[in-house]
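Q: Here it is, the structure in full.
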Amino acid sequence: MAKDMDKRTAIARQAALELKDGDYVNLGIGVPTLVSNYLPPDVIITLHTENGMLGYGPYPFEGEEDPDLINAGKETITELPGCCYFGSHDSFAIVRGGHLDATILGAMEVSETGDIANWMIPGKKVKGMGGAMDMVAGAKKVIVAMEHATKDGKPKILKKCSLPLTGKGVVSVIVTELAVFDVASGGLVLRKKAESVSMDDLKRLTEPAFAVSERLAAFAAA
Amino acid sequence: MPGKVVAGPEEALSDLRDGAVIMVGGFGLCGTPENLLAAVKAKGTKNLTLVSNNGGTDEHGNGQLIKNGQVKKMIMSYGGECKAFEEMALAGTLQVEWNPQGTLAERIRAGGAGIGGFFTPTGYGTLVAEGKETRVIDGRNYVFENPLRADFAFIKAWRGDRAGNLVFRKTSRNFNQVMATAAQVVVAEVEKLVEPGELDPDSVHTPGIFVDRIFQGAQYAKPIEKRTVRPRAGAAA
């Protein structure tokens, strides 16, 4: 459990470094939600939630929860100065219209061509895609933040996704607890690698071959 | 000028029949038309098709009607936390049409705005695009989506006046605003019904022309699905 928490923290920490000061960002449910805790102090972003708000803040203090003020994960949240509200139709004009600088979301599988699968496993219960398909189709930068491999140690970064897709050729960056890859036209390019993992192990845990950036940087894994 | 104000949900739903298609506003349990949904449950109307973002929970929102066996089909984007929905959808006793959330919103917007459909990049190359027309526009792939309309729309607002003008509060606006444009009969329930002139015209979110019937809800439970809080600074750890 503690190890899982460390992984989640490492992923969120790295994903936070992909954002720039002034970005408008949508964070998906789970690990992506943690990203706002690890932003560098000089990076101020505005958070979008697809149920109709820009500029939401942290969870409220106990006793100050407002049932009319939630995020897309149905969690109670708060207002920051300068926030605003809108309907779902305007919210997705923001998303689909390319107005968001970035979205960070989890995934079950990602391919070397930027396909992403994160909404259904055939034969299992289906929760629905929610806003994920619009998000990956519309945000300027689609950042996947996920664990590098499955619980059984199988790669989640694949040549081709086996699960039904959420979007085709839409992912820009893949952030895991072990590495950061850019999805380029010629395939994956390794930009950052955790010191805790060897290049051989990283290759073993990543199905497609990948190029290594000339400016490969290290990050300290938890 | 005929009045739009009705005494309550029972009068508002006097002509609701089995098999109706109903748009239900709300996101999760936020901004749901609580009094109208309770009245549909009491009335026992069956074979309903609900157009709504979520399935609600077993006790609240759309989930109470699903659990009660009153719903034939859901047109939605996220099933979420409703156990009855999961069981019935898996067993095939409830039909589900999945729509990406933005596509759902835009189909409703198109339906209400007299637009005969639209091309969206959302869902291209995925299951939701199967069987649909696609087109390349400026080098990008798009999927054609049809407009959506309904027999009824159930809208929940914070304030409303006798002319049907509505004001929503915070994130409870969600699908309510767009759904108010896209049904044959639009019923709005409000936390407080006021006289014309009491709402600031510059701050009206839904113009009264879209609303056919309006009433002040008897009460609002406003359940919270996920109560998330943070500790106060200086509080004992």
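The values are calculated or read from the model by the stated rules, or taken from the named source; none is laboratory data. What you see is a predicted model, and the numbers here were worked out from it, not measured in a lab. All Cβ positions, glycine included, derive from the backbone under ideal geometry; neighbour counts span all protein chains shown.
Q: Name the pairs: first residue in the range B:164-179 and facing chain A (nearest Cβ under 7 Å) and within 19 Å of A:Tyr56 (Cα to Cα), second residue of a type in the set (Lys, Arg) and assigned to a loop (DSSP other than H, G, I, E, B), Cβ to Cβ under 9 Å, at least 6 apart or on different chains?
A: Final answer for the pair search is B:Ser172/B:Lys222.
Q: For the range A:144-153, indicate whether the set of residues that are at the interface with chain B (Cβ under 8 Å from one of its Cβ atoms) and either modelled with pLDDT under 95 or more than 22 Å from A:Ile44 (Cα to Cα) (or both) is non-empty. Quick ask: steps written out before the conclusion?
A: Narrowing the range A:144-153 to residues at the interface with chain B (Cβ under 8 Å from one of its Cβ atoms): none.
Scanning the range A:144-153 turns up no residue that is at the interface with chain B (Cβ under 8 Å from one of its Cβ atoms) and either modelled with pLDDT under 95 or more than 22 Å from A:Ile44 (Cα to Cα) (or both).
Q: Could you look through the range A:64-92, keep only residues that are assigned to a strand (DSSP E or B) and of a type in the set (Asp, Glu), and pick out the one that is modelled with the highest pLDDT?
A: This residue is A:Glu79.
Q: Let me spell it out: the conditions are (1) in a loop (DSSP other than H, G, I, E, B); (2) closer than 26 Å to A:Leu163 by Cβ, and A:Val95 meets all of them except one. Which number is the exception?
A: Going through (1) in a loop (DSSP other than H, G, I, E, B); (2) closer than 26 Å to A:Leu163 by Cβ one by one, A:Val95 breaks only (1).
Q: Return the only residue of A:Ala117, A:Ala102 being away from chain B (no Cβ under 13 Å) and in contact (Cβ under 8 Å) with a residue 12 or more places away in the chain.
A: Going through A:Ala117, A:Ala102 in turn, the sole match is A:Ala102.
Q: I've got another one for you. Given the conditions (1) in contact (Cβ under 8 Å) with a residue 24 or more places away in the chain; (2) more than 25 Å from B:Glu106 (Cβ to Cβ), report the number of the one that B:Phe152 does not fulfil.
A: Every condition holds for B:Phe152 apart from (2).
Q: What pairs come out if I take residues in the range A:58-80 that are in contact (Cβ under 8 Å) with a residue 40 or more places away in the chain and pair them with residues that are part of a loop (DSSP other than H, G, I, E, B) whose C-beta lies under 6 Å away, six or more apart or interchain?
A: A:Ala72/A:Glu50; A:Ala72/A:Asn51; A:Gly73/A:Ile29
Q: Anything in the range A:195-213 that is among the β-branched types (Val, Ile, Thr) and free of Cβ contacts under 8 Å to residues at least 40 places away in the same chain? List them, or say none. So that I can check it myself, show each step before the final result.
A: At the first step, the residues of the range A:195-213 found to be among the β-branched types (Val, Ile, Thr) are A:197, A:206, A:212.
Matches in the range A:195-213: A:Val197, A:Val212.
Q: Is it the case that the range B:84-91 has a residue that's more than 10 Å from chain A (Cβ to nearest Cβ), part of a strand (DSSP E or B) and at negative phi? Lay out the reasoning, then the answer.
A: From the range B:84-91, those more than 10 Å from chain A (Cβ to nearest Cβ) are B:84, B:88, B:91; that's our starting set.
Those still in the list that are part of a strand (DSSP E or B) too: none.
The answer is no; no qualifying residue exists.
Q: List the number of the failed condition for B:Arg109; all other conditions in (1) more than 14 Å from the chain's Cα centre (by Cα); (2) more than 27 Å from A:Val171 (Cβ to Cβ) hold.
A: (1)
Q: Please report, ordered by residue number, the strands (runs of 3 or more DSSP E) entirely within the range B:108-217 with at least 3 residues that are charged (D, E, K, R) and more than 25 Å from A:Val136 (Cα to Cα).
A: B:150-161, B:183-194
Q: What pairs can you find where one residue is in the range B:188-217 and at pLDDT 95 or above, the other is crowded, with 20+ Cβ neighbours inside 10 Å and among the acidic types (Asp, Glu), and their Cβ atoms are less than 7 Å apart, with a gap of 6+ or different chains?
A: Hits for this filter: B:Val194/B:Asp161; B:Glu195/B:Asp161; B:Pro196/B:Asp161; B:Glu198/B:Asp161; B:Leu199/B:Asp161; B:Phe215/B:Glu189; B:Gly217/B:Glu34; B:Gly217/B:Glu189.
Q: Which ranges mark the strands (runs of 3 or more DSSP E) fully within the range A:122-208 that have 3 or more residues being farther than 20 Å from A:Ala72 by Cβ?
A: Those strands (runs of 3 or more DSSP E) span A:173-175, A:179-184, A:187-194.
Q: Right, next: Could you check the range A:209-222 and list, in sequence order, the residues that are assigned to a loop (DSSP other than H, G, I, E, B) and either modelled with pLDDT under 95 or touching a Lys or Arg at 6+ places or on another chain (Cβ under 7 Å) (or both)?
A: Filtering the range A:209-222 for residues assigned to a loop (DSSP other than H, G, I, E, B) gives A:209, A:220-222.
A:Ala220, A:Ala221, A:Ala222, listed by residue number.
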